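The values are calculated or read from the model by the stated rules, or taken from the named source; none is laboratory data. In this text, all values refer to a predicted model and were calculated from it rather than measured experimentally. For neighbour counting, all protein chains shown are included, and Cβ atoms are generated from backbone atoms with ideal geometry for every residue, glycine included.
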Amino acid sequence: MVYRSGREIVLKEKGIVEELLAELDKTQNQVRELQEARRVKLSFVSPFRVENTKPLEITGIALAEGVWNGVYYPFEELEKGKISKKLPIRIEHGKSDKYKNREVGEITNLIPNEVLKALIFKGKITDPEAISDIKEGKFKEVSLATWMNYKPIDGKIMGIDYDFEEMSLTVEPACPSCVITHAEQLTGIERNVPT
């Protein structure tokens, strides 16, 4: 056993304590630096920007068999209906104060569905305001406008010889089954070119 004086032990312990305090101070400085680094906002300019310039693709039921506004629309006549031109999509059949009579999109396909006894539509909405209104849930229903002839049958008025004119996004359709069942918009990525 080696004997050391009390002074040597105290000095040695004092050196250890000083080392520990120096190490603690160094660690606290590192923690402060890390915290400061987290506060720094990173900012960079990406060469790309995400834009929703793509149309909103919608599908749903355009017109179903039934009596709407006092006229019977039989499925057999609906499926014979013709489209003599591009079918535009408007808002409230052109009676909207906000949209007036402007086209907000177009029907890309109109398909008879025998199981549902209805015409299924596919369309594209290109107007940014209309896209926003659909996404916000302002328009969930549609109304298909058509020229037709009338035929009285069993005390009812039946529509025949349909010539579809346009489809409108609407709040209160005559046909309660005429709804948008799906809406999807792909996002476009464009090169961000400074101007």
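Of the candidates GLY137, GLY94, GLY105, the single residue that is in the same structural domain as GLU172 (by TED's automatic domain parsing) and more than 23 Å from the chain's Cα centre (by Cα) is GLY94. From the list SER143, SER132, pick out the single residue that is in the same structural domain as ILE89 (by TED's automatic domain parsing) and more than 13 Å from the chain's Cα centre (by Cα). Unique residue meeting the criteria: SER143. When the residues of region 171-195 are filtered to those that are of a type in the set (Ser, Thr, Tyr) and more than 18 Å from the chain's Cα centre (by Cα), which remaining residue is modelled with the highest pLDDT? Looking at residues that are of a type in the set (Ser, Thr, Tyr) and more than 18 Å from the chain's Cα centre (by Cα), I get SER177.
Could you tell me which residue of region 101-115 is surrounded by the most Cβ atoms within 10 Å (Cβ to Cβ), considering only residues that are part of a strand (DSSP E or B) and of a type in the set (Val, Ile, Thr)? Steps first, please.
Keep residues of region 101-115 that are part of a strand (DSSP E or B), which gives 105-113.
With the extra rule that they be of a type in the set (Val, Ile, Thr), the set shrinks to 107-108, 111.
Values: ILE107: 22, THR108: 15, ILE111: 12.
My answer is ILE107.
Which of the residues spanning region 81-100 are assigned to a loop (DSSP other than H, G, I, E, B), out of contact with any Phe, Trp or Tyr (no Cβ under 9 Å at 6 or more places or on another chain) and modelled with pLDDT of 90 or more? Passing the criteria: LYS95, ASP97, LYS98, TYR99. Of all residues in region 164-181, those that are surrounded by fewer than 20 Cβ atoms within 10 Å (Cβ to Cβ) and under 17 Å from PHE75 (Cβ atoms) total 3.
Residue check: is ILE157 touching a Phe, Trp or Tyr at 6+ places or on another chain (Cβ under 9 Å), within 17 Å of LEU56 (Cα to Cα), in the same structural domain as GLU79 (by TED's automatic domain parsing) and part of a strand (DSSP E or B)? No: the conditions fail for ILE157. A count restricted to region 52-77 and to residues that are in contact with a Leu (Cβ under 9 Å, 6 or more places away or on another chain) and among the hydroxyl-bearing types (Ser, Thr, Tyr) stands at 1. Does THR108 qualify as being modelled with pLDDT under 95 and closer than 30 Å to ASP161 by Cβ? When the stated conditions are applied, THR108 passes them. State the number of residues belonging to region 122-166 that are over 21 Å from PRO55 (Cβ atoms) and aromatic (Phe, Trp, Tyr). Within region 122-166, residues that are over 21 Å from PRO55 (Cβ atoms) and aromatic (Phe, Trp, Tyr) number 3.
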